[in-house]
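Asks: Please find one structure pasted underneath; my questions will follow.
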Amino acid sequence: MNVSEQEQDIVIVGGGICGLATALALRRKGIKSMVLERSETLRAAGVGIIMQPNGWRALDRLGVAAKLRQTCTEIPSGVFISVAEGKCRESELPLGKGELRCLKRMELMKALTEELPVESVYLGCRAVSIVLDPLTSNPLLQLHDGTLIKAKIVIGCDGVNSIISKFVGVNSPKLFSRCATRGFTYYEGAHSFGDKFRFYSSNDVTLGQLPVTDKLVYWFLTRVLTSQDLSDAKKDPTYITKASLEAIKGFPEEIVELVKNTEPKALYLTELRYRAPWDLVRAKFRKGTVVVAGDAMHAMCPFISQGGGASLEDAVVLARCLSEKLKQATEGGGNRLVEEALDEYVRERRMRVFWLSLQTYFMGLAQDNTSKVKKALGIAGLILVFGDQRSHTDYDCGRL
């Protein structure tokens, strides 16, 4: 952007899955928006994304599900594999009802972007501050290059370290005691893993493995977080591979080879940060005509694989709430009606993301063998509060 000041109706901060999905949902309702992404290219970090039935319902509403289904295989069943002293014991892994597939994150980003006007997504634009105009109460968004954007609505989809969530008053995310490694492994010929979701568990380590296509496999590994994982080493593929192989000693040879053969550029190691479930109950999420969605609203650990699906739900619900009120706003009462729409969105999403976050939190504690108390709390919470641990996939975000 070369201009120093401009006016926009709706600005979406963050061009990840949630930001692009929100822009597309608004477009489907005939509403224009501007997406600001700080990176010079669309972000593909995270490698794969597990999409469960609730996420596919949202993708259907957005009109991109059909093309995405062509890029990945359906996963009809799962196997839980307990690894102890080099021996494996298998049992059924319930997947719930409906459609489960593993998407390449970049395929999802591409599908969303292709449905948007080229001029609506601005790359290399980093928002550095936001205030409310004392005269109009509209948001004023400042970018890193000095550009000032006078917006009517700002939607923060800028991730875990969101400046928009800080502005509206959401508490900072907390660091979890585990970390996650993710990777893609490509096979020249068809791999031999079939169409099952395999989940391995051994002491403090869990590893999930899902087919994307007959030649591509996505895997993720969680283990106890170390100080090295928080250093620059987390960006070094050699360290990531070495730490992963050390963690899966005693696992079946095909899993060891799976990790060994992962392309360095397809390896990611991240610490896990989350917004505490109890914070989500009382957080405001809106200030004036500024609101948050996606990880900026409800960053959660990946233990039930709902971060992406929940963000797509946010997009559909937010666009629906806004479109209904914006039609009325043309007749007057602009800001008041927008605030009502944003409040309606927050009300609809609050308890949904609370329960997802709470279940994820308990699931993470249940995997923590470093503390018997935490592990017992996690297991008890799952049993007492979440009898049907797959019911979170039954959710329907409703029409667009």
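The values are calculated or read from the model by the stated rules, or taken from the named source; none is laboratory data. Keep in mind that what you see is a predicted model, and the values were worked out from it rather than measured. Cβ atoms come from the backbone with ideal geometry, glycine included; neighbour counts cover every protein chain shown. Only protein heavy atoms, including side chains, enter the accessible area calculation; ligands, DNA and RNA are left aside. Shrake-Rupley method; radii C 1.70, N 1.55, O 1.52, S 1.80 Å.
Asks: Within the stretch 113-121, is even one residue within 19 Å of Ala315 (Cα to Cα), open to solvent by 70 Å² or more (accessible area, probe 1.4 Å) and modelled with pLDDT of 95 or more? Explain how you work it out, then say what you get.
Replies: Kept after step one, since they are within 19 Å of Ala315 (Cα to Cα), are these residues of the stretch 113-121: 113-117, 120-121.
Narrowing the set further to residues that are open to solvent by 70 Å² or more (accessible area, probe 1.4 Å) leaves 114.
Subsequent filtering for residues that are modelled with pLDDT of 95 or more retains 114.
Within the stretch 113-121, one or more residues are within 19 Å of Ala315 (Cα to Cα), open to solvent by 70 Å² or more (accessible area, probe 1.4 Å) and modelled with pLDDT of 95 or more.
Asks: Any idea how many residues of the stretch 239-254 are among the basic types (Lys, Arg) and part of a helix (DSSP H, G or I)? Let's see the steps before the verdict.
Replies: Step one: filter the stretch 239-254 for residues among the basic types (Lys, Arg), giving 242, 249.
If we keep only those that are part of a helix (DSSP H, G or I) too, we end up with 242.
Selection size over the stretch 239-254: 1.
Asks: Here is a list: Gly124, Gly86, Gly78, Gly98. Which entry is of a type in the set (Gly, Ala, Ser) and closer than 22 Å to Ala296 by Cβ? Spell out the reasoning first.
Replies: On the way: Gly86 fails: closer than 22 Å to Ala296 by Cβ; Gly78 fails: closer than 22 Å to Ala296 by Cβ; Gly98 fails: closer than 22 Å to Ala296 by Cβ.
Being of a type in the set (Gly, Ala, Ser) and closer than 22 Å to Ala296 by Cβ holds for just one of Gly124, Gly86, Gly78, Gly98, which is Gly124.
Asks: Taking the conditions exactly as written (closer than 17 Å to Asp158 by Cα, modelled with pLDDT of 95 or more and of a type in the set (A, V, I, L, M)), does Ile10 satisfy them or not? If you could, list the steps in order and put the result at the bottom.
Replies: Values: closer than 17 Å to Asp158 by Cα: yes; modelled with pLDDT of 95 or more: yes; of a type in the set (A, V, I, L, M): yes.
Criteria met by Ile10.
Asks: Residue pairs, Cβ under 7 Å, 6 or more apart or interchain, first in the stretch 59-85 and at positive phi, second outside any loop (DSSP other than H, G, I, E, B). List them.
Replies: Gly63/Arg28
Asks: Might you check whether a residue that is of a type in the set (Gly, Ala, Ser), in contact with a helix residue (DSSP H, G or I) (Cβ under 7 Å, 6 or more places away or on another chain) and under 23 Å from Gly15 (Cβ atoms) occurs anywhere in the stretch 352-360? Spell out how you get there, then give the answer.
Replies: Taking the stretch 352-360 first, the residues of a type in the set (Gly, Ala, Ser) are 357.
From what is left, the residues that are in contact with a helix residue (DSSP H, G or I) (Cβ under 7 Å, 6 or more places away or on another chain) are 357.
Next, only the ones that are under 23 Å from Gly15 (Cβ atoms) stay: none.
No, the conditions are met nowhere in the stretch 352-360.
Asks: Take the residues in the stretch 234-254 that are within 24 Å of the chain's Cα centre (by Cα) and not hydroxyl-bearing (Ser, Thr, Tyr), then tell me which one is most open to solvent (accessible area, probe 1.4 Å).
Replies: It comes out as Lys235.
Asks: Restricting to the stretch 357-373, and then to whatever is out of contact with any Gly (no Cβ under 9 Å at 6 or more places or on another chain) and in a helix (DSSP H, G or I), can you tell me which residue is nearest to Leu312 (Cα to Cα)? Spell out the reasoning first.
Replies: First, pick out the residues of the stretch 357-373 that are out of contact with any Gly (no Cβ under 9 Å at 6 or more places or on another chain): 357, 369-373.
Pick out the ones that are also in a helix (DSSP H, G or I) and you get 357, 372-373.
Numbers: Ser357: 16, Lys372: 36, Val373: 35 Å.
Residue satisfying both the conditions and the ranking: Ser357.
Asks: Here is a follow-up. Go through the stretch 21-48 and count every residue that is at pLDDT 95 or above and open to solvent by less than 60 Å² (accessible area, probe 1.4 Å).
Replies: Qualifying residue count for the region: 12.
Asks: Just for the stretch 177-228: of the residues that are open to solvent by 10 Å² or more (accessible area, probe 1.4 Å), among the β-branched types (Val, Ile, Thr) and assigned to a loop (DSSP other than H, G, I, E, B), which one is farthest from Tyr361 (Cα to Cα)?
Replies: The selected residue is Thr213.
Asks: Shifting gears a bit: Test Val259 against the stated conditions and say whether it is part of a helix (DSSP H, G or I), surrounded by fewer than 24 Cβ atoms within 10 Å (Cβ to Cβ) and either touching a Pro at 6+ places or on another chain (Cβ under 8 Å) or touching a residue at least 24 places away in the same chain (Cβ under 8 Å) (or both). Write out each step before concluding.
Replies: Details: part of a helix (DSSP H, G or I): yes; surrounded by fewer than 24 Cβ atoms within 10 Å (Cβ to Cβ): yes; either touching a Pro at 6+ places or on another chain (Cβ under 8 Å) or touching a residue at least 24 places away in the same chain (Cβ under 8 Å) (or both): yes.
So Val259 passes the test.
Asks: Let me ask something else about it. Out of (1) open to solvent by 40 Å² or more (accessible area, probe 1.4 Å); (2) at pLDDT below 95, the odd one out for Ile163 is which?
Replies: Here Ile163 meets the rest and fails (2).
Asks: If you don't mind, another one. Is it true that some residue in the stretch 328-346 is touching a residue at least 40 places away in the same chain (Cβ under 8 Å) and touching a helix residue (DSSP H, G or I) at 6+ places or on another chain (Cβ under 6 Å)? Break it down into steps so the answer makes sense when it comes.
Replies: Filtering the stretch 328-346 down to residues touching a residue at least 40 places away in the same chain (Cβ under 8 Å) leaves 334-335, 338-339, 342-343, 345-346.
From what is left, the residues that are touching a helix residue (DSSP H, G or I) at 6+ places or on another chain (Cβ under 6 Å) are 345.
Yes, the stretch 328-346 has at least one match.
Asks: Oh, and also: Determine whether Lys97 is in a helix (DSSP H, G or I), exposed (fewer than 15 other Cβ atoms within 10 Å of the Cβ) and in contact (Cβ under 8 Å) with a residue 24 or more places away in the chain. Show your work before the answer.
Replies: On the way: in a helix (DSSP H, G or I): no; exposed (fewer than 15 other Cβ atoms within 10 Å of the Cβ): yes; in contact (Cβ under 8 Å) with a residue 24 or more places away in the chain: yes.
No; evaluated as a whole, the condition is false for this residue.
Asks: Within the stretch 270-329, restricting attention to residues that are open to solvent by less than 40 Å² (accessible area, probe 1.4 Å) and polar (S, T, N, Q), which residue is nearest to Cys157 (Cα to Cα)?
Replies: Ranking the qualifying residues of the stretch 270-329, first place goes to Ser311.
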